[in-house]
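Bear in mind that the values in this text are calculations on the coordinates, not laboratory data. Computed from a predicted structure; not experimentally measured. FYI the Cβ positions are ideal-geometry reconstructions off the backbone, even for glycines, and counts take in every protein chain you see.
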Amino acid sequence: MSSIPDVTDVVAALHWDLAEWLGSDALPKVFDRIGIALDNQFSSVVTTGQAVDRETFLAGIWSARNVQPGLEIEVSDVQELARSGNLIIVRFVAENVVGEVRSGRLVTAVLMTDGRTYQWRSVHETAAPAAS
């Protein structure tokens, strides 16, 4: 059995950590895992259209600890769009769930890999209607 994670598992793992951090009184090690997952050149375009760098993104995440108690993030429809050398482009649906309230987004991400580990280089989120 291989210990190399599948890209779907990588996407799910980061979102599990994000949900734990944003939705509970998580231990700092959860935040550390999020930071380790992001490449030093990471940037994100959030659903408002604002582009943020790694430091800004992590500062926002740090200050949002337990801001949405009970948050779960469901990841689905993970598609590998392209792979070349150490670069992988994926698209997936991420849906925030708090109780009965759902908010979805379509995400395109660029990941870097050395064949064993993955780091997120870029994320672009677009608001999407929640699945019914």
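Things worth noting here:
- Qualifying residue in segment 107-127 (condition: of a type in the set (Asp, Glu) and closer than 18 Å to PHE57 by Cβ): yes
- Across segment 84-102, the qualifying residues are those that are among the β-branched types (Val, Ile, Thr) and closer than 18 Å to PHE42 by Cβ, and the one among them that is surrounded by the fewest Cβ atoms within 10 Å (Cβ to Cβ) is ILE89.
- Among strands (runs of 3 or more DSSP E) entirely within segment 1-91, having at least 1 residues that are among the hydrophobic types (A, V, I, L, M, F, W, C), under 14 Å from the mean Cα position of the chain (by Cα) and farther than 16 Å from VAL110 by Cα singles out 72-84.
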